[in-house]
Amino acid sequence: MQRYDREAAGKTHIVSRGDEDLGSKHGKDRGLSRASGLPDGDVAKEDATVHTPVLLAESIDLLNVHPGGLYIDGTLGTGGHSKAILEKCLPGCRLLAIDLDPAAIEIAKARLGPHAESVTFVNDNFRNVEAICNSLGFRPVDGVILDLGISSAQIDDARRGFSFRFGAPLDMRFSPAQETKAAHLVNELSEKDLAQILATYGEERRGRLIARRIVASRPIFSTLELARIVESALGRPGKIHPATRTFQALRIATNEELVNLESTLKQLPALLRARGRLAIISYHSLEDRIVKEFLKNESRDCICPPSVPVCRCEHAATLRVLTKKAVRPTPSEQAENPRSRSARLRAAECL
Ligand SMILES: C[S@@+](CC[C@H](N)C(=O)[O-])C[C@H]1O[C@@H](n2cnc3c(N)ncnc32)[C@H](O)[C@@H]1O
């Protein structure tokens, strides 16, 4: 097994070829359960789900996948997009498949079957993509896909703490190697910082009220306790559960999702060969705004503010945007897979 050492954190990250074993089981035997310390009624049973890939045909088309190329799937998940890429790029191609979640890698490996032999699996953060590619000599690449956020397998895994449908400890980490859990934010941040997270990452208008209730109710251990506290603050007015935005905000903050996205996007143009493609699927306006702004700037020769009369930035365009407007799932995809409803796909080609 090859190994890749992340210099910055000094931690070792597993890199395996598809034909090697990462050393743990997948599916129901993943061994993720941990002592919860919660009341019996607050601990749910397991619920394994396979993720349905979103905007699959559209993203593979925009990536212009061809035989023999080098591709990166920065968000392997349960391997839906990777499988479709491999079906089009074999024979002769290689795929670098990255995910923070070792359980996802195990599921994907099994799902990819014999195709997994053409994949290098890396259990790491995609924000380290340039260092990973350098250490593996995996560049320039023909295409990169990022299908951001969380998979159904993660949301529906009752023990991960992503959903208030199940009682679980407030975990919400994509990577079990990360120290900070959602419980740390909920129980240790100041009221002001919590309110800021809820307002920014959850676009929650009543973030200050919720933060006040959270601080008054500490310590909070479980998803169900937190959901009840938010509900008691906001009442239950509409179809959408009042804790939805709070849970989204805490997940984004726990995993530093927007910071990761911004720092990763900057690395991608240099990794692509000329005419190489980039496809990014986002699931909320905060992510989509970052992607849209990045593509806009990278497709311009000058990014000076309008108030500067003569260009001083010396910026050169690196990309050509392929999606004037974000691509949305068709009504039939939305009907078949309600989790696709908020998806937006943007793509670009390297100059
Ligand atoms: C929406 S799912 C991808 C689903 C996948 N396209 C499929 O078809 O199964 C997003 C995946 O990205 C992973 N992820 C999120 N942030 C990450 C990061 N910063 N680095 C690496 N993986 C990340 C999550 O663990 C999750 O498995």
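The values are calculated or read from the model by the stated rules, or taken from the named source; none is laboratory data. Everything numeric here is computed off the predicted structure, so don't read it as measured data. A quick note on method: Cβ atoms are made from the backbone with ideal geometry, for glycine too, and the neighbour counts reach across all protein chains shown.
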Selection count where residues are within 16 Å of the ligand (Cβ to nearest atom) and either over 16 Å from Ala108 (Cβ atoms) or touching a strand residue (DSSP E or B) at 6+ places or on another chain (Cβ under 6 Å) (or both), scope the range 157-172: 7
Picking from Ile107, Ile85, Ile132, which residue would you name as being within 9 Å of the ligand (Cβ to nearest atom) and either farther than 30 Å from Ala216 by Cβ or outside the structural domain of Leu268 (by TED's automatic domain parsing) (or both)? Ile107
If I filter the range 110-128 for residues that are free of Cβ contacts under 8 Å to residues at least 40 places away in the same chain, within 11 Å of the ligand (Cβ to nearest atom), in contact with a Ser or Thr (Cβ under 9 Å, 6 or more places away or on another chain) and not in a loop (DSSP other than H, G, I, E, B), do I get at least one hit? no
Within the range 135-150, how many residues are farther than 15 Å from Leu261 by Cβ and either touching a residue at least 24 places away in the same chain (Cβ under 8 Å) or within 14 Å of the ligand (Cβ to nearest atom) (or both)? 8
Out of all the residues in the range 57-82, which are within 12 Å of the ligand (Cβ to nearest atom), closer than 30 Å to Ala177 by Cα and either of a type in the set (Ser, Thr, Tyr) or in contact with a His (Cβ under 9 Å, 6 or more places away or on another chain) (or both)? Asp73, Thr75, Gly77, Thr78, Gly79, Gly80, Ser82
